Amino acid sequence: MKAEELLPDNQNQITINGQEIRKGSIGAFLLNCKAVMKLDKNSNEYKTTMNTIKEQALVLEKIGLFEVFEIKIPEIREALKNS
């Protein structure tokens, strides 16, 4: 299946496993995971970004993303385990 078959250009969200997910959700999660690794762990921006990652992960978990993919960044993996 191609992306445009799952979510056409004129559609911005889809429901998977009873969870509504917006177009760009997985991309935003990936960008946040990469961005947080460059931040000072004591900064407010780090804390805010980690909270966003945790919120996004809840949605992505419901659609089954982590049944297929594993988080390899130890800090993020541990944060998600403990949330």
**Message:** Cβ-Cβ under 6 Å, sequence separation 6+ or interchain: first residue in segment 39-54 and closer than 17 Å to residue 83 by Cα, partner open to solvent by less than 80 Å² (accessible area, probe 1.4 Å) and outside any helix (DSSP H, G or I). Which pairs?
**Reply:** 46/39
**Asked** (1) assigned to a helix (DSSP H, G or I); (2) surrounded by 12 or more Cβ atoms within 10 Å (Cβ to Cβ); (3) at pLDDT 95 or above: which one isn't true of residue 80, the others all being true?
**Response** (3)
**Message:** Kindly evaluate residue 41 against the criterion of being of a type in the set (D, E, K, R) and under 29 Å from residue 2 (Cβ atoms).
**Reply:** no
**Fill in**
Checking 62, 41, 34 in turn, the sole residue that is open to solvent by 100 Å² or more (accessible area, probe 1.4 Å) and within 21 Å of residue 13 (Cα to Cα) turns out to be 62
**Message:** If a residue must be among the aliphatic types (A, V, I, L, M), under 28 Å from residue 12 (Cβ atoms) and in contact (Cβ under 8 Å) with a residue 24 or more places away in the chain, how many such residues does segment 65-83 contain?
**Reply:** 4
**Request:** Scan (1) within 18 Å of residue 80 (Cα to Cα); (2) of a type in the set (A, V, I, L, M, F, W, C); (3) in contact (Cβ under 8 Å) with a residue 40 or more places away in the chain for the single condition residue 21 breaks and write down its number.
**Result:** (1)
**Item:** Boolean, residue 74 is open to solvent by less than 100 Å² (accessible area, probe 1.4 Å), of a type outside the set (Asp, Glu) and at pLDDT below 90
**Value:** no
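Please enumerate the residues belonging to segment 54-83 that are hydroxyl-bearing (Ser, Thr, Tyr) and touching a strand residue (DSSP E or B) at 6+ places or on another chain (Cβ under 7 Å).
Residues satisfying the conditions do not exist here.
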**Asked** Looking at segment 57-72, which of the residues that are part of a loop (DSSP other than H, G, I, E, B) and aliphatic (A, V, I, L, M) is farthest from residue 16 (Cα to Cα)?
**Response** 71
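The values are calculated or read from the model by the stated rules, or taken from the named source; none is laboratory data. Worth saying up front: this structure is predicted, and the values here are computed from it rather than measured. All Cβ positions, even for glycine, are placed from backbone atoms using ideal geometry, and neighbour counts span all protein chains on display. We work out accessible area using only protein heavy atoms, side chains counted, and drop any ligands, DNA or RNA first. Shrake-Rupley method; radii C 1.70, N 1.55, O 1.52, S 1.80 Å.
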